[in-house]
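Down below is the structure, laid out as structure tokens.
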Amino acid sequence: MIARKIIAIASRDYVTNIRRKAFLAMLFGFPFLMLIIFGVQAYFGSQMKSGSFTSNAGFIDYSSLNFESNSSKLVKYSTAEELKTALLNKKIDAGFIITRDYLKDGNIQLIVRKGELTKPGEETALNNFLLARLLESVNPDVGKRIQDPANVQTFEIDRNGQESPGNIFKVIVGLGIGIALIFSLFMTSSFLLQSIVEEKENRMIEVLLSSISAKELMAGKVLGLGALSLTQMAVWFGLALLFAGIVQSQMASQIGALQLDKLISPAVLLIYLLLFIGGFLLFSSIYVGIGSISTSMREGQQLSSILILPAVTPLWFMNAILVEPNGIISRVLSMFPLSSPLGMIIRMNLTDVPAMEIIASILLLYISVLFFVWASAKIFRAGMLMYGKRPNLKEILLFLKEA
Amino acid sequence: MAEEIAKMDSVSKTFGDKKILEKISFSVGKAEILGMLGPNGAGKTTALRIFMGIMNSDSGNVRIFSKPFSEKTKESIGYLPEERGLYKTGRILETLVYLASLKGMDGGKAEQRARALLSEVGLSEYANSQISELSKGMGQKVQFISSIIHKPKLLVLDEPFSGFDPINLQLIKRMILKLKEEGTAVILSTHQMEHMEKMCDRIIMIDRGKQVLYGDLKSIKSKFGKNTITVSYNGKLPKTIEGVMEINDSGNYAELKIGKGISPNSILKQLINEVEINAFELKEPSLEEIFVEVASR
């Protein structure tokens with residue numbers, strides 16, 4: 001019967017929150033936003049990498065090299081006036097002047113219309129053009145190598161000496177999962193906070209506590225919103241798989257197989273799930289405590305916003321983690337319970353984290369979950385019945401002792 | 001007393017150094033209404049919260065249906081707290097069914113009962129309306145329904161009449177009395193003495209956390225004695241009357257509070273000489289008078 005009541009509370013919170021416009025906007029808006037960000041990044045990245053001119057440009061050669069254009073997008077002019085006129089008449093978007101002493105000092109003057117910048121990749125295209133012209137007299141194979149000296153192929157070696165090709169997608173997927181997890185975690189925790197503060201503000205709480213214990217009420221809420229969070233993650237994961245499938249079928253020749261099964265093994269997925277559930281329980285129990293001592297939603301949000309800082313610390317120290325995934329900063333951030341859900345996921349995607357460290361991180365996370373659930377349940381029971389006044393630290397300590 | 005339904009025995013509670021309740025004991029029987037009286041801040045709400053298992057006591061115990069309080073017990077109790085409200089979103093029927101499910105009620109039965117009660121309070125056409133569409137008074141009727149939807153054996157009402165207009169107040173009063181007739185034990189805490197006096201079988205009065213009065217309403221009244229005389233008269237009432245401590249004169253009707261040991265006959269003798277008497281009656285003290293007297297001690 002008690003489990004039935006917990007489920008009734010969980011169902012109500014789940015249904016109420018899944019209908020929220022903010023939730024639906026985030027559920028479908030977040031992947032869409034990510035898609036736009038990655039799409040824009042990929043577009044500019046490809047522009048930078050392509051090495052050829054994407055818009056019309058012109059040049060004058062004052063050096064003794066007498067370069068000729070090899071592209072329809074790059075027009076050679078004989079005087080600076082002609083170049084400037086073409087630029088102002090928008091026949092070209094950038095003008096390059098190869099100076100007289102170019103061979104000695106390498107100086108190139110770039111002219112653009114006032115207030116405009118060159119397009120991404122334009123300078124790379126110029127470099128490629130100059131390099132190709134300079135290497136015309138060199139052996140073609142040597143010339144190719146000078147232009148592209150190292151085609152790096154990364155191989156990873158594990159503890160057993162097994163070699164496997166490195167996969168940049170692994171880092172991207174890991175980082176994506178970590179960020180999605182933190183987003184989902186904070187969003188549903190903030191719904192939990194809202195639900196508690198609302199029930200306190202609406203004076204519903206005492207009615208509920210006359211039917212169900214404070215622990216059951218808390219359990220029901222955490223269960224309902226935990227399910228909401230998992231729904232969100234499942235939808236995002238599904239959309240990500242769908243997108244990956246489309247990309248793979250359309251661009252297999254360019255990017256090679258994504259091999260998602262190799263990116264996330266079932267064991268790794270289980271660790272992610274444990275970190276996610278632990279992180280959710282940790283933050284939601286703290287949010288329950290905050291909600292029960294807050295007198296309004298605004299006050300609750302102000303108090304809870306402090307928690308976001310430690311949770312996203314791994315993103316601040318991203319460079320340090322990338323350089324030294326087994327360094328002291330990386331280790332601390334993947335062990336400290338408030339930052340470990342994100343810290344450990346990022347680290348696991350960069351290096352082979354020893355199993356003992358993963359176990360220790362999960363254990364620390366769940367031990368702190370036990371502590372915060374205990375403390376929050378006590379604060380919740382006493383704090384929920386205080387209307388219009390936020391208890392001070394002394395009173396909170398009293399709740400922990402007496403409630 | 002009828003079959004005992006619930007009992008609070010010697011319950012004490014302190015917050016930090018502050019004593020909120022000191023050895024409070026009372027009981028309520030089947031088909032009985034127990035009135036809980038006390039000035040603001042006396043500790044009534046804390047006593048009721050402990051009674052409902054929402055708060056723990058430092059010492060003493062609560063027994064309901066002759067058993068120690070348990071979470072399961074809550075299913076047989078209805079509670080209307082003083083600080084009450086409703087969700088801002090959701091439909092009325094849906095909310096009532098949800099609250100009934102927390103009392104262990106089956107969905108179908110809960111809906112049937114909710115519809116019947118909504119009809120009884122004149123809100124049947126609002127069953128599928130949003131809560132936000134209700135007026136304050138309508139909202140309070142829905143809150144009252146939520147406390148009795150599961151046909152509780154014990155009903156705890158903290159200031160149930162506050163905010164009701166006289167017509168709805170009578171309606172709620174009738175519903176409480178009907179529940180009593182059906183065998184429900186009711187604990188009623190209110191400041192409105194006239195209702196308390198007319199509805200309650202027994203009284204407990206708490207002042208500054210202490211139980212200062214407890215017992216059968218009739219015996220409490222007789223303990224305080226008949227010390228008020230009402231007089232209907234023509235003429236001019238003297239400003240002072242020997243043996244009378246307080247005169248409440250309305251022109252041709254007066255209430256005279258007599259001192260201890262003063263014979264009503266001596267007052268009548270004095271009045272006969274001064275005014276023409278139409279009626280002369282010796283009255284019991286009202287609950288309000290007892291309340292004021294005890295609280296001002």
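The values are calculated or read from the model by the stated rules, or taken from the named source; none is laboratory data. Values in this document were obtained by computation on a predicted structure and should not be read as measured data. Positions of Cβ are backbone-derived with ideal geometry, glycine not excepted, and every protein chain shown enters the neighbour counts. We work out accessible area using only protein heavy atoms, side chains counted, and drop any ligands, DNA or RNA first. Shrake-Rupley method; radii C 1.70, N 1.55, O 1.52, S 1.80 Å.
May I have the convex hull volume per residue, in Å³, for the Cα set of chain B?
Values: hull volume 47.8 nm³, N = 297.
Here the figure is 161 Å³ per residue.
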Phi angles of the range A:100-112, converted by Karplus (6.51 cos²θ - 1.76 cosθ + 1.60, θ = phi - 60°) into ³J(HN,Hα) in whole Hz with x for Gly and Pro, give 4, 9, 3, 5, 7, 10, x, 6, 10, 9, 10, 10, 10
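Once B and A are treated as a pair rather than alone, how much accessible area drops out, both sides summed, in Å² to 100, probe 1.4 Å? Don't jump to the answer; show the numbers that get you there.
Details: alone 15290 and 22770 Å², together 35370 Å².
Buried area between the two chains comes out at roughly 2700 Å².
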Apply the Karplus parameterisation 6.51 cos²θ - 1.76 cosθ + 1.60, with θ equal to phi minus 60°, to every residue of the range B:193-210 and state each ³J(HN,Hα) to the nearest whole Hz, in sequence, with x for glycine and proline. 4, 4, 6, 4, 5, 7, 9, 8, 8, 9, 10, 10, 10, 10, 9, 6, x, 10
Ignore the peptide's own chain and count Cβ atoms of other chains within 10 Å of each Cβ in B:53-59; give me the average, rounded. 3
So, with points 7 Å from each Cα along the Cβ direction, the residue A:76-residue B:165 label distance in nm works out to 9.6
Residues whose placed amide H lies under 5 Å from that of residue B:253, excluding near-sequence neighbours: B:233
Computed on Cα atoms only, the convex hull of the range B:167-208 has an orientation-averaged projected area in nm² of 3.4
Which whole-percent values make up P(r) of the range A:1-158 when all C-alpha to C-alpha distances are grouped in 10 Å steps starting at zero? 9, 24, 22, 14, 10, 8, 7, 5, 2, 0
Taking H placed 1.01 Å from N in the peptide plane, check which residues at least 5 places from residue B:29 or on another chain put their amide H under 5 Å from its amide H. B:5
Once both labels are modelled 7 Å past Cα along the beta-carbon direction, what's the residue B:30-residue A:401 spacing in nm? 4.6
HN-Hα couplings for the range B:175-188 via Karplus (6.51, -1.76, 1.60; θ = phi - 60°), in whole Hz with x for Gly/Pro, come out as 5, 5, 5, 5, 4, 4, 4, 7, x, 6, 8, 10, 10, 10
Quick calc: nm separation of the 7 Å Cα→Cβ label points for residue B:255 and residue A:52 -> 10.4
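Kindly give Rg over Rh for chain A, based on alpha-carbon atoms, with the Kirkwood expression for the hydrodynamic radius.
Working: Rg = 29.3 Å, Rh = 25.7 Å.
Expressed as Rg/Rh, it is 1.14.
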Can you give the local net charge around residue A:53? Use residues other than it whose beta-carbon is closer than 10 angstrom to its beta-carbon, Lys and Arg +1, Asp and Glu -1. 0
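Computed over the Cα atoms, what is the radius of gyration of the range B:100-144 divided by 2.2 N^0.38 Å, N being its residue count?
Working: Rg = 10.8 Å, N = 45, 2.2 N^0.38 = 9.3 Å.
Working it through for the range B:100-144, the quotient is 1.16.
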Assuming 0.692 mPa s and 37 °C, estimate D for the protein assembly as shown with Stokes-Einstein, Rh taken as the Kirkwood radius over Cα pairs, in µm²/s. 101
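Of the listed peptides A:101-114, B:20-33, B:167-180, what is their order by residue-averaged count of other C-beta atoms within 10 Å, with the highest listed first? Intermediate results must be reported in sequence, preceding the final value.
Working: A:101-114: 12.4, B:20-33: 19.8, B:167-180: 15.9.
Ranking, from highest mean packing down: B:20-33, B:167-180, A:101-114.
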Within 10 Å of each Cβ in B:72-85, the average number of Cβ atoms from other chains: 4
How many Cβ atoms of partner chains, on average, are near each residue of B:192-203 if near means within 10 Å of its Cβ? 0
Sequence-distant residues sharing a close amide H with residue B:122 (under 5 Å, placed H): none
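So what's the net charge close to residue B:48: Lys and Arg +1, Asp and Glu -1, counting the other residues with Cβ under 13 Å from its Cβ?
On the way: positive: B:13, B:44, B:49, B:84; negative: A:206, B:82, B:83, B:158, B:159.
Once positives and negatives cancel, what remains is -1.
Mind giving me the FRET efficiency for residue B:262 and residue B:56? R0 is 45 Å, r the Cβ-Cβ distance, nearest 0.05 is fine. Before the final figure, lay out the partial values.
Numbers: r = 49 Å, r/R0 = 1.10.
Once the sixth-power term is evaluated, E becomes 0.35.
Antiparallel as a % of all DSSP beta bridges within the protein assembly as shown, to the nearest 5?
On the way: 46 of 72 bridges.
Antiparallel bridges: around 65 percent, rounded to the nearest 5.
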Taking a quarter of the surface of the Cα convex hull of the range B:167-260, what do you get in nm²? 9.2
Working note, the range B:28-173: Cα radius of gyration (Å, one decimal) and Dmax (Å, whole number) are 15.8, 48
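Order of B:279-292, B:252-265 by packing, highest average Cβ count within 10 Å first?
My ranking of the peptides, most packed first, is B:279-292, B:252-265.
Work through the residues other than residue B:123 whose Cβ is under 13 Å from its Cβ and net out their charges, Lys, Arg +1 and Asp, Glu -1. Please report the intermediate quantities before stating the final value.
Working: positive: B:91, B:115, B:141; negative: B:120, B:125, B:133.
Taking every Cβ under 13 Å from that of residue B:123, the sum is 0.
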What FRET efficiency do you get for residue A:202 and residue B:245 if R0 is 56 Å and r is their Cβ-Cβ distance, rounded to the nearest 0.05? 0.70
Expected max-MSF residue from A:205, A:196, A:157 in the GNM of chain A (alpha carbon, under 10 Å) is A:157
